[in-house]
Amino acid sequence: MNIKEDYKREIGDIISIWAKAKLFYNDSLYLSNPKSDKESAMISKNRVLNEIRYSLWVLTVLELCKLFDDNNNQCFNLFKFIRKIKQDRNKLIFKDKITSITINDWENKLQNNQTFNTIGKLKDLRDKYYAHSDRKPELLPEELTPNINSIEELLRIGQEIIYEFQGTVFDIDQDFETPILAGQILDDLTELAEYRDKYK
């Protein structure tokens with residue numbers, strides 16, 4: 001595999017992780033803030049829907065940690081990807097397209113205080129609540145959970161880095177549209193309940 005194909009595969013894996021994180025986040029957010037009182041009532045009294053909402057949030061945290069946890073256990077994190085570009089830059093056929101200014105901009109976005117704090121909270125949630133249950137953490141999950149703006153900012157930063165890399169290196173205008181499926185699922189459940197009531 002040549003170096004360009006290697007980068008194409010790697011950015012493809014990063015995009016896949018980003019898209020899953022965004023999809024899980026969108027649906028988790030929708031189930032936490034449904035669009036109607038009817039949906040809200042349905043979710044509040046349905047244990048399975050509450051478990052789905054919680055599971056989607058946990059999956060969001062796990063996928064974001066894959067992208068933003070700067071450690072060697074995460075194969076496709078953005079920090080490692082940028083370091084690889086820096087290391088390979090002089091031998092890359094696209095070295096003139098990815099400048100040191102671009103790389104510095106990406107690093108600054110990933111290392112600013114707000115981003116750093118959000119990543120730290122996500123890692124704590126993963127390590128102390130979602131991936132391990134053998135420790136007694138000092139803070140409750142609610143105290144560790146980043147706010148919506150912080151999560152959306154993290155997703156935006158990932159999207160910008162991916163978009164810029166894809167557009168500059170591969171001349172691909174990456175589509176980042178991710179559907180919100182939870183609303184459709186609630187509609188389908190409502191239809192199913194009405195059908196069952198009609199034919200009891």
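At-a-glance table
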| quantity | calculated |
| --- | --- |
| Choice from Glu39, Glu143, Glu160 showing the highest fluctuation, given a GNM over the chain with Cα pairs closer than 10 Å | Glu143 |
| Using a Förster distance of 35 Å, the FRET efficiency for Arg156-Asp197 (Cβ separation, nearest 0.05) | 0.20 |
| Equivalent ellipsoid semi-axes - Cα gyration tensor, the chain, angstrom | 37, 21, 14 |
| Phi-based couplings in Hz for segment 76-87 (Karplus 6.51, -1.76, 1.60; Gly and Pro marked x) | 10, 7, 5, 4, 5, 4, 5, 4, 5, 4, 4, 5 |
| Cα-based helix-to-principal-axis angle, 47-68 vs the chain, degrees rounded to 10 | 10 |
| Chain lengthening between Glu51 and Asn2 when straightened (0.36 nm per residue, less Cα-Cα) | 13.2 nm |
| Extension gain, Asp13 back to Ile103 (0.36 nm per residue minus Cα-Cα distance, nm) | 30.4 nm |
| Mean residue ellipticity (222 nm) of the chain, computed from DSSP H runs ≥ 4 via -39,500 (n - 2.57), nearest 500 | -23000 deg cm²/dmol |
| Potential extension, Asp173-Asn71 segment - 0.36 nm per residue separation minus Cα distance | 33.8 nm |
| Student exercise, the chain dipole from Lys, Arg, Asp, Glu Cβ charges, in Debye to nearest 20 | 500 |
| Top of Thr99, Thr118, Thr145 by mean-square fluctuation, Gaussian network on the chain, Cα under 10 Å | Thr99 |
| Gaussian network model of the chain, Cα within-10 Å springs - most flexible of Asp37, Asp105, Asp27 | Asp37 |
| Sites matching chymotrypsin sites (Phe, Trp or Tyr not before Pro) across segment 85-123 that sit in DSSP coil, with at most 16 neighbouring C-beta atoms within 10 Å | Phe94 |
| Degrees, to the nearest 10: 148-170 long Cα axis against longest axis of the chain | 40 |
| 0 to 90° range, to nearest 10: angle between helix 182-198 axis and the chain longest Cα axis | 20 |
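Bear in mind these aren't lab numbers, they're just calculated from the coordinates by the rules spelled out. Keep in mind it's a predicted model, so treat the numbers as computed, not measured. FYI the Cβ positions are ideal-geometry reconstructions off the backbone, even for glycines, and counts take in every protein chain you see.
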